[in-house]
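Single-structure report; data block below.
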Amino acid sequence: MALTRAAFDQYMVPNYAPAAFIPVRGEASRVWDQSGKEYIDFAGGIAVNSLGHCHPALVGALTKQANQLWHVSNVFTNEPALALAQKLVDATFADKVFFCNSGAEANEAALKLARRAAIEQFGEQKHKVISALSSFHGRTFFTVCVGGQPKYSDGFGPKPAGIEYFEYNNLEAFKALIDDDTACVILEPIQGEGGVVPADAAFLQGVRDLCTQHNAYLIFDEVQSGMGRSGSLFAYQEYGVVPDILSSAKSLGGGFPIGAMLTTAEIAKYLVAGTHGTTYGGNPLACAVAGAVIDVINTPEVLAGVKTKHAQFVDGIHAINAKYPVFSQVRGLGLLIGAVLSAAYQDRAKEILNIAAQHGVMVLMAGPNVIRFAPSLVVSDEEIATGLSRLEMAIAQFVA
């Protein structure tokens, strides 16, 4: 007998409040629940399922690797990890890669590396971390405190010292904080959980220049914006502003858990043997899948397609809004898109999400006032049209 949603309340820690239906099967950008109901997936596992569900290249890579080698510790290395690291280095500014299991772990590694490198070069006083308000960098205690959203970090006891915050896209506010004791600055090129807010190009360049001036490392958190989601492999390439350290996860594995920290050889040398580690980081299964993901995504056809599909989504949302004006703004890059609720519908994004599911389309929130779309990068034109048609029915019911 199939387990029901009630089993979650019986057996699981209540830190989530999942939907009433349980997905059991997926193909491309469609998902079916236990009752056989079909949904168009515009959520992508929160920007994770970069190639949709059960993409044949990923299934093939996982199946092949599953018949060869599942796990070895980092006392050894393995071929899939080395192959993936080479692909990431060849495609980016980076010289070196550290593999882990999630975006939080990638950011934890990035922050630890930046502080250690700064302290070893300039002394113990150079440890300050600067982050943006409304940012999100993971759920470890260090990363959740670095993220500029107290609602996620309050209530767990004393917080790590040396973290300061400023308003995103406000270069003057940032300039007032950075100084020679700053070890690093961590930013999302597109704030995801903070409302799908892209950085202004002049702001990012100004931050880069000030970091260089003060010998502070610039970390780009590309956990949500990376792996093709912006229309470039990483969003920093859209802006032409190069970080010192970059974190990746989510879409990197296409649904298989993996994270990565990328950096230069000059900075990487400060994480000598024994200074940082992870049991499953560089796991052969995860790296084999991620290698297949990057082979598919990092092509002119897929990356150009992301920008074409962005226009289809934006045009479709505007068309819905012309009939049912609930949104004040549509923003984002590539296939990370946010539709901002107008003043008359403030704090009601969850209602739209729930009604959309009733009509067979899965969307996300980015705070209480933004509907977020993070679909597969290869979502078909037909799936986009069907999903937007279902969303229109949901919006019509919402405003009725």
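It is to be established whether one or more residues within the range 84-98 are closer than 25 Å to M227 by Cα and loosely packed, with under 13 Cβ neighbours inside 10 Å.
yes
Every listed requirement among (1) of a type in the set (S, T, Y); (2) in contact (Cβ under 8 Å) with a residue 24 or more places away in the chain; (3) under 23 Å from S225 (Cβ atoms) is met by T308 save one, (2).
Can you say whether L271 is closer than 17 Å to G226 by Cβ, touching a residue at least 60 places away in the same chain (Cβ under 8 Å) and either open to solvent by 20 Å² or more (accessible area, probe 1.4 Å) or assigned to a helix (DSSP H, G or I) (or both), as far as the supplied structure shows? It is false that L271 is closer than 17 Å to G226 by Cβ, touching a residue at least 60 places away in the same chain (Cβ under 8 Å) and either open to solvent by 20 Å² or more (accessible area, probe 1.4 Å) or assigned to a helix (DSSP H, G or I) (or both). When I186, I178, I163 are screened for being under 20 Å from G259 (Cα atoms) and either β-branched (V, I, T) or open to solvent by 80 Å² or more (accessible area, probe 1.4 Å) (or both), only I186 passes.
The strands (runs of 3 or more DSSP E) falling completely within the range 287-400 that include 2 or more residues that are open to solvent by 30 Å² or more (accessible area, probe 1.4 Å) map to 327-333.
Looking across V340, V361, one residue alone is closer than 17 Å to G195 by Cα and modelled with pLDDT of 95 or more. It is V340. Total residues in the range 44-80 satisfying the condition of being in contact with a Pro (Cβ under 7 Å, 6 or more places away or on another chain) and within 11 Å of V289 (Cβ to Cβ): the figure is 2. Where helices (runs of 4 or more DSSP H) fall entirely within the range 16-132, those with at least 3 residues that are of a type in the set (A, V, I, L, M) are at 56-66, 79-91, 103-122.
Here is a check on your reading of the model: is V314 under 22 Å from the mean Cα position of the chain (by Cα), without any contact (Cβ under 8 Å) to a residue 60 or more places away in the chain and on the phi < 0 side of the Ramachandran plot? Considered against the rule, which asks whether it is under 22 Å from the mean Cα position of the chain (by Cα), without any contact (Cβ under 8 Å) to a residue 60 or more places away in the chain and on the phi < 0 side of the Ramachandran plot, V314 comes out as yes.
As for the range 160-178, it holds at least one residue that is assigned to a helix (DSSP H, G or I) and among the aromatic types (F, W, Y).
Among the residues of the range 133-158, the ones that are open to solvent by 20 Å² or more (accessible area, probe 1.4 Å) and not in a loop (DSSP other than H, G, I, E, B) come to 6 in all.
Summed over the range 199-210, residues that are of a type in the set (D, E, K, R) and either surrounded by 21 or more Cβ atoms within 10 Å (Cβ to Cβ) or over 19 Å from S134 (Cβ atoms) (or both) total 2.
So that you can scan it fast, the table gives a plain yes or no per residue for (1) touching a residue at least 24 places away in the same chain (Cβ under 8 Å); (2) open to solvent by less than 10 Å² (accessible area, probe 1.4 Å):
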position	(1), (2)
G192	yes, yes
V197	yes, no
T212	no, no
A216	yes, yes
G226	yes, yes
R229	yes, yes
L233	yes, yes
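Looking at the range 35-51, which of the residues that are among the charged types (D, E, K, R) and surrounded by fewer than 18 Cβ atoms within 10 Å (Cβ to Cβ) is farthest from the chain's Cα centre (by Cα)? The residue in question is K37.
The values are calculated or read from the model by the stated rules, or taken from the named source; none is laboratory data. Note that the structure is predicted; figures quoted are calculated from it, not measured. Positions of Cβ are backbone-derived with ideal geometry, glycine not excepted, and every protein chain shown enters the neighbour counts. Protein only, heavy atoms only, side chains kept; ligands, DNA and RNA dropped before computing areas. Shrake-Rupley method; radii C 1.70, N 1.55, O 1.52, S 1.80 Å.
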